[in-house]
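Asks: Mind looking over this structure? Questions follow.
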Amino acid sequence: MPYEVITFGEAMIRLSPPNFRRLEQARSLDLQVGGAELNTAVALGRLGHSAAWVSRLTDNPLGRLIANHAREAGVGTEHVVWTTEDRVGVYFLEFGAAPRPSSVVYDRKGAAIAHIKPGMIDWAHVFAGVKWFHVTGITPALSASAAGVTREAMAAAKLAGVGTSMDLNYRAKLWTTEEAGRCMTELMHHCDVLITTEEDVEKVFGIRGNDHEEGAALVAKRFPLKAVAITLRENPLVWKNSWTAIAYQDGKILRTRTHEVEIVDRLGAGDSFAAGLIHGLLEDNLQLGLDFGVAASAIKHSIPGDFAWITRGEVEAMLKGSGLRISR
C-alpha cells in the first residue's frame, strides 16, 4: 500500500544539557532526534496516517540512529538515500527560563542532505498513490542543490496530482531574507497550502498587513495558493505561552480555540501543527485541520523531544474540552 503522506528534509541529532544547565556547564547531554519534516511525519503517524520521510543520510551509526528513531515512531524510511560520504548534522539545545531564552547552536555544515542533488530521488516512484507532500523552507536553505531538489520534488508532486504544503520556517542562520524571498517565491507556484507566521511572511515576502488576518489575505492574493495558515504565539514567559492559529481560504478567515500551554519542550510544536492541518486537508476540511493542528501542537508543548508522542484520541478529547484531572 502506498503512503498517504511524504515529507522531505533534514533530520539531526539533538543534544541538550539536563536541568537547565548552560552548554558551558554541561557534563552530560540528553540525546534526541529531530527535524521539521520528520517531526511532521511522526505526528501524522500518531494521528493515524501512513507517512514516509525522504532524506539523505550518512551510512554510519549516527545516520542509522536517526533512521531507527524514525521507524520506531512509525515513519517509513525506504526512500532515504544512503551515502558513505559526508556527515550527520548535530544541534545543541540549551533550555532557558525567564529572563534567559532557550537557544540553539547548530553544527550541520557538510551534512549529507546538503549535498543531495536533482536526479538522486525517483520522485515519480515516491509519489505513486500518495495523497500529500510536505516540506519546509529549511530544506532549500541548506544548499543550492537542496533547493534544486525541493523544486524538483514539488513540481513532481503537482504533476502526480499530490497536494502540497510548505511551512515557510525562515532560518536566518541558513540564508538571507533576499535569498529566501527569491527561492520561496518560485516554490509558491507549486504549493497548495502555506503554513507560516506573520514575522516570516514579512521577512521573506515583504508582506505586512494591519493584522494577521489581512496578512494572510495578502499572501493568498499574491500567490496561487488554496489556503494560508498562520500560527500565533504570545510569550508572556519562556515556559508559558498562548497558542492558536488562523487560516484563510476563498476570502474567508477560519479561527479556532486559543490554548494556554505550559512548555516542557516547544521544539517540534509547529511541525505538529502542520501534521494536524494536513490531517484535516486529507479530508478536505480545513477547519478540522486548523482545530486538530492547534490542539495537537498544544499537547506537543508538554512532551520532551522533537517528536509528538500524541494520540488521535488525546487530540479529540482536547477538542471536546477535556480538563486537567488525572486520566485514570
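Asks: On full extension of the chain, what length is gained from GLU78 through LEU232, given 0.36 nm per residue of separation minus the C-alpha to C-alpha distance?
Replies: Answer, rounded to one decimal: 51.9 nm.
Asks: Something else: Which residues among segment 116-141 fall inside the zone where the amide N is under 15 Å from a point 7 Å beyond the Cα of ALA155, along Cα→Cβ?
Replies: Inside the label zone: 117-124.
Asks: Given H placed 1.01 Å from N in the peptide plane, which residues other than close sequence neighbours of LYS240 have an amide H under 5 Å from its amide H?
Replies: ILE263
Asks: Give me a comma-separated list of calculated 3J(HN,Hα) values for segment 232-245, in order, Karplus coefficients 6.51, -1.76, 1.60 applied at θ = phi - 60°, integers in Hz, x for any Gly or Pro.
Replies: 10, 10, 10, 10, x, 9, 4, 10, 9, 10, 9, 9, 7, 7
Asks: Keeping all protein chains in place and using 1.4 angstrom, which order do TRP82, TRP53 fall into by accessible surface area, from largest down?
Replies: In descending accessible area the options line up as TRP82, TRP53.
Asks: Compute the accessible area per residue over the chain, keeping the other protein chains in place, probe 1.4 Å, unit Å².
Replies: Values: 14610 Å² over 328 residues.
Per-residue accessible area for the chain comes out at 45 Å².
Asks: Could you order LEU237, LEU218, LEU44 by accessible surface area, starting with the largest, using a probe radius of 1.4 Å?
Replies: LEU237, LEU218, LEU44
Asks: Round to a whole angstrom and tell me the spacing of the C-alpha centers of segment 41-110 and segment 148-192.
Replies: Each part reduced to its Cα centre gives a spacing of 20 Å.
Asks: Here is a further query. Given R₀ = 30 Å, FRET efficiency for THR176-ASP284 by Cβ-Cβ distance, to 0.05?
Replies: The formula returns an efficiency of 0.20 here.
Asks: Using amide H atoms built 1.01 Å from N in the peptide plane, name the residues 5+ places from LYS131, or on other chains, whose amide H lies under 5 Å from its own.
Replies: VAL5
Asks: Something else: Bin by bin, in steps of 5 Å, what percent of the Cα pairs in segment 6-53 do you find, going until the bin that has the longest distance?
Replies: The percentages, shortest bin first, are 5, 21, 19, 15, 13, 11, 10, 5, 1.
Asks: While we're here: Apply 1/(1 + (r/R0)^6) to the Cβ-Cβ distance of PHE20 and ARG312, taking R0 = 41 Å, and write down the FRET efficiency to the nearest 0.05.
Replies: Efficiency for this residue pair is about 0.80.
Asks: Name the residues whose placed amide hydrogens come within less than 5 Å of the amide hydrogen of ARG87, ignoring near sequence neighbours (fewer than 5 apart) on the same chain.
Replies: Under 5 Å from the amide H of ARG87: ALA112.
Asks: Taking 2.2 N^0.38 Å as the expected size of a compact globular protein, what ratio does the Cα radius of gyration of segment 1-145 give against it, to two decimals?
Replies: 1.10
Asks: To continue, here is another question. Leaving ligands and nucleic acids out of the surface, order SER55, SER103 by accessible area at 1.4 Å, largest first. List each step's numbers first, then the result.
Replies: Details: SER55 0, SER103 45 Å².
Largest accessible area first, the residues go SER103, SER55.
Asks: For LYS158, what accessible surface area do you get with a 1.4 Å probe? Give it in Å², rounded to 10.
Replies: Answer for LYS158: close to 80 Å² accessible.
Asks: Over segment 97-162, what per residue volume does the convex hull of the Cα atoms give, in whole Å³?
Replies: 119
Asks: Still on this model: Using Cα pairs closer than 8 Å and at least 6 residues apart in sequence, work out the relative contact order for the chain, in percent.
Replies: Relative contact order, the chain: 16 percent.
Asks: Hey, rough spin-label estimate for LEU29 and GLU199, points 7 angstrom out along Cα→Cβ, what's it come to in nanometres?
Replies: 2.5
Asks: With a cut-off of at most 11 other beta carbons within 10 Å, and DSSP calling the residue loop, which chymotrypsin sites (Phe, Trp or Tyr not before Pro) in segment 122-165 qualify? Please list them.
Replies: Those that pass, being in a loop and sparsely packed, number zero.
Asks: At a temperature of 25 °C and a viscosity of 0.890 mPa s, determine how fast segment 122-203 diffuses translationally according to Stokes-Einstein, using the Kirkwood radius over alpha-carbon pairs as Rh; express D in µm²/s, rounded to the nearest whole number.
Replies: It comes out at roughly 191 µm²/s.
Asks: Please report, as a whole percent, how much of the solvent-accessible surface of the chain comes from carbon and sulfur atoms (probe radius 1.4 Å).
Replies: Answer for the chain: carbon and sulfur cover 51 percent of the accessible area.
Asks: Taking a threshold of 29 Å on the Cα-Cα distance, which of the pairs LYS117/LYS221; LYS109/LYS158; LYS173/LYS252; LYS226/LYS300; LYS131/LYS173 fall above it?
Replies: LYS117/LYS221; LYS109/LYS158; LYS173/LYS252; LYS131/LYS173
Asks: Which three extents, in angstrom, do the Cα atoms of segment 77-219 have along their principal axes, listed largest first?
Replies: Per principal axis, max minus min of the Cα coordinates gives 46, 36, 25 Å.
Asks: Could I ask something else about it? Tell me the volume per residue, in Å³, of the convex hull enclosing the alpha carbons of the chain.
Replies: Measuring per residue, one finds 139 Å³ for the Cα hull of the chain.
Asks: Applying the Karplus parametrisation 6.51 cos²θ - 1.76 cosθ + 1.60 with θ = phi - 60° to the phi angles of segment 292-308, what ³J(HN,Hα) value in whole Hz is obtained for each residue in order, glycine and proline being reported as x?
Replies: Residue by residue, segment 292-308 yields 5, x, 5, 5, 4, 6, 4, 5, 4, 4, 8, 10, x, x, 7, 7, 8 Hz.
The values are calculated or read from the model by the stated rules, or taken from the named source; none is laboratory data. The structure displayed is predicted, hence computed values, not measured ones. Heads up, the Cβs are rebuilt from the backbone with ideal geometry, glycines too, and the neighbour counts pull from every protein chain shown. Quick note on the areas: whole protein, heavy atoms, side chains included, nothing else; ligands and nucleic acids left out. Shrake-Rupley method; radii C 1.70, N 1.55, O 1.52, S 1.80 Å.
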